[in-house]
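Comments concern the structure below.
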Amino acid sequence: MNFDKLKEQWNNEDANSVNIPNNIEQLKKSKHPIEKIQKSMKMEFPFQIIAIILLGFFPQQLDFPASQHVIYYTSYAMLVVISSYYFFGFYKFYKQTELYTGNTQNSLWKIYHELKLNMERYQSFGFLLLPHFMITLGLVLYNMLEKKGASLENMSSHYQQVLILSVLIGTIAIVASIVLWTKYFYGKSAKQLENILNEIDE
């Protein structure tokens, strides 16, 4: 009878230990999407910094009159402040991914939630750039009309409607591209992490 009990306990221990290697394997697999996230961030970060710097030379490249420089650079200063806040969060998240070792489920959950949060922040950052681009576009349009001896006041109602519709379509297109861009770079990795965590829970 005692032998049977020992045998039953041994079998139960074997059954329970089967899940341990599975969990370890799932946690090791999670390193792969995290490495992809790090690679995407490494690639994007310098390009974003360069893009922000180049925007500072737009008034000279687009031949804005000196009187319009104050309008542009006021908007640009706000853009730099917002960008700095975003880049700081971007850097902090990158450092968190470097510390992840793939040995605990809790750390993986933390990385997953931080990734989702940074994806939202990434999109918000893109949306906050819209006002600056609208101001730049407005200045370009104003200068084009002035060179032709026209103005917004002299434009026919038809052209005004076309202009408003173009701005609306352009805004929607930019918002959609920001969302799609975020999903392209980070959405797949976030889904992989979510699937791994679901498999571990099961």
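Compared with the direct C-alpha span, the chain from LYS116 to LYS191 gains 26.0 nm at full extension, assuming 0.36 nm per residue.
Taking a point 7 Å out from the Cα of TYR142 in the direction of its Cβ, the residues of region 67-92 whose backbone N falls within less than 13 Å of it are 67-75.
The GluC sites (Glu not before Pro) of region 68-133 include none that DSSP puts in a loop with a beta carbon having at most 14 other beta carbons within 10 Å.
Model label points for GLU35 and TYR94, set 7 angstrom from Cα along the Cα-to-Cβ axis, are 1.9 nm apart. Quick one: which of LYS36/LYS95; LYS92/LYS188; LYS39/LYS95; LYS36/LYS116; LYS116/LYS183; LYS92/LYS116 span more than 18 angstrom between C-alpha atoms? From the list (LYS36/LYS95; LYS92/LYS188; LYS39/LYS95; LYS36/LYS116; LYS116/LYS183; LYS92/LYS116), the Cα-Cα distance tops 18 Å for LYS92/LYS188.
Every number here is computed from the coordinates shown, using simple stated rules; none is lab data. The model shown is predicted, which means the values in this text are computed figures rather than measured ones. Positions of Cβ are backbone-derived with ideal geometry, glycine not excepted, and every protein chain shown enters the neighbour counts.
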